[in-house]
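Heads up, the thing below is written out as structure tokens.
FYI, it's all coordinate maths here, none of it is from the lab. Quick caveat, the model's predicted, so the values are computed rather than measured. For neighbour counting, all protein chains shown are included, and Cβ atoms are generated from backbone atoms with ideal geometry for every residue, glycine included.
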Amino acid sequence: MSDKRLRTPTLLSVVAPVYDEEELIEEFVRRTCAAVAEHPFELVLVNDGSSDSTPELLDRIAATDPRVRVVHLSRNFGHQAALTAGLEHAIGDVVAMIDADLQDPPELIGDMIAQWSQGADVVYAVRKQREGETRFKLATASWFYKLFDKLAQVDLEPNSGDFRLLDRRALNALLAMTERSRFLRGMTVWVGFTQTAVSYQRDARHAGETKYTVRKMLHFSLDAIASFSHMPLQLATYAGLLSAGVAFIAIPIVIVLRVFDSYLPGFGSITIAILLLGGIQLIALGVIGEYVG
Ligand code: UDP
Ligand code: MG
């Protein structure tokens, strides 16, 4: 086949979203810079509206190290939006996305680049093991991936997160997608190109606690499913068909009862039918509203 020459990065961009991470941000920068030092690189840190001393720390780091660039967001937009902002600012021909809390070991970026240099355009990190996560987090994550796998139209590796490396071609395709609610790991699969995995052990957080509240997790999962599945819409259609079917069966029954019975026996069932149909219409409207929104 065609000769696959090994490619080397002209510039590697490492992008990390940072939200209230004053306890560990310096350690993250130190470890990450050391891990990728053999390549020409830039580190793009996105301050996602932190309210602790993270912004000042970031500015100080950027002032002393020209390889570090900081993007400040005006408020907390959330992990996926912050990551997207960082990807937009990245100028490298290879881009790695990584969490700043050192749960994703920056040393793995070297392995990802090795895969990229052999021709992979999207390299995703698959966690063999997850240290220091609560049982709640592990259980909800596993439910989410099962549901997503059933409903969604992309094949997402269940034990992979946003720790990924993208070639500029794949990144440009991803940035061309204009959706507001972004489920980045799904989008990196959706764009296609050559995809490869590397595996690693996910560490516990270096310091501090998770910035993903239950509310943020719920938003995140709903965005993911609404972006990659039509199932909720189809559900409304099925429910509508079913109720219409029931109504069609009920019509002759009501007529027969009217003809052979002197009373008004249909009153109750008609009321129920109206309520039922009204309810289903509202549900359907709600689902459509989700998508329009
Ligand atoms: N993060 C962010 N904005 C948020 C929540 C999180 O930028 O609203 C960052 C956070 O600083 C970290 C990464 O996203 O670098 C992953 O968040 P976290 O470790 O809290 O999530 P978990 O690993 O618990 O899922
Ligand atoms: Mg984390």
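Looking across segment 138-149, the residues that are free of Cβ contacts under 8 Å to residues at least 60 places away in the same chain, over 15 Å from R185 (Cα atoms) and not polar (S, T, N, Q) come down to L138, A139, W143, K146. Set side by side, the residues T210, T188, T178, T196 differ, and just one is among the polar types (S, T, N, Q) and within 16 Å of ligand 1 (Cβ to nearest atom), which is T210. Can you spot a residue in segment 123-130 that is over 16 Å from the mean Cα position of the chain (by Cα) and at positive phi? Scanning segment 123-130 turns up no residue that is over 16 Å from the mean Cα position of the chain (by Cα) and at positive phi. Restricting attention to segment 96-133, the residues that are more than 16 Å from ligand 1 (Cβ to nearest atom), of a type outside the set (G, A, S) and in a helix (DSSP H, G or I) add up to 5. Of all residues in segment 136-165, those that are charged (D, E, K, R) and within 16 Å of ligand 2 (Cβ to nearest atom) total 3.
The residue list L171, L184 contains one member that is closer than 19 Å to I109 by Cβ, out of contact with any Asp or Glu (no Cβ under 7 Å at 6 or more places or on another chain), touching a residue at least 60 places away in the same chain (Cβ under 8 Å) and not basic (K, R), which is L171. Within segment 191-220, residues that are in contact (Cβ under 8 Å) with a residue 60 or more places away in the chain and among the charged types (D, E, K, R) sit with their Cβ atoms under 7 Å from residues that are assigned to a strand (DSSP E or B) and exposed (fewer than 12 other Cβ atoms within 10 Å of the Cβ), at 6+ positions apart or across chains, in these pairs: R202/Q129. Could you tell me whether any residue of segment 97-110 is within 16 Å of R169 (Cα to Cα), surrounded by 15 or more Cβ atoms within 10 Å (Cβ to Cβ) and touching a strand residue (DSSP E or B) at 6+ places or on another chain (Cβ under 6 Å)? Yes, because at least one residue in segment 97-110 is within 16 Å of R169 (Cα to Cα), surrounded by 15 or more Cβ atoms within 10 Å (Cβ to Cβ) and touching a strand residue (DSSP E or B) at 6+ places or on another chain (Cβ under 6 Å). When you look at V94, is it without any contact (Cβ under 8 Å) to a residue 60 or more places away in the chain, in contact with a His (Cβ under 9 Å, 6 or more places away or on another chain) and under 25 Å from S181 (Cα atoms), yes or no? Spelling it out, it is not the case that V94 is without any contact (Cβ under 8 Å) to a residue 60 or more places away in the chain, in contact with a His (Cβ under 9 Å, 6 or more places away or on another chain) and under 25 Å from S181 (Cα atoms). Would you mind listing the strands (runs of 3 or more DSSP E) fully within segment 1-95 where at least 1 residues are buried (at least 22 other Cβ atoms within 10 Å of the Cβ)? Correct list: 12-18, 41-47.
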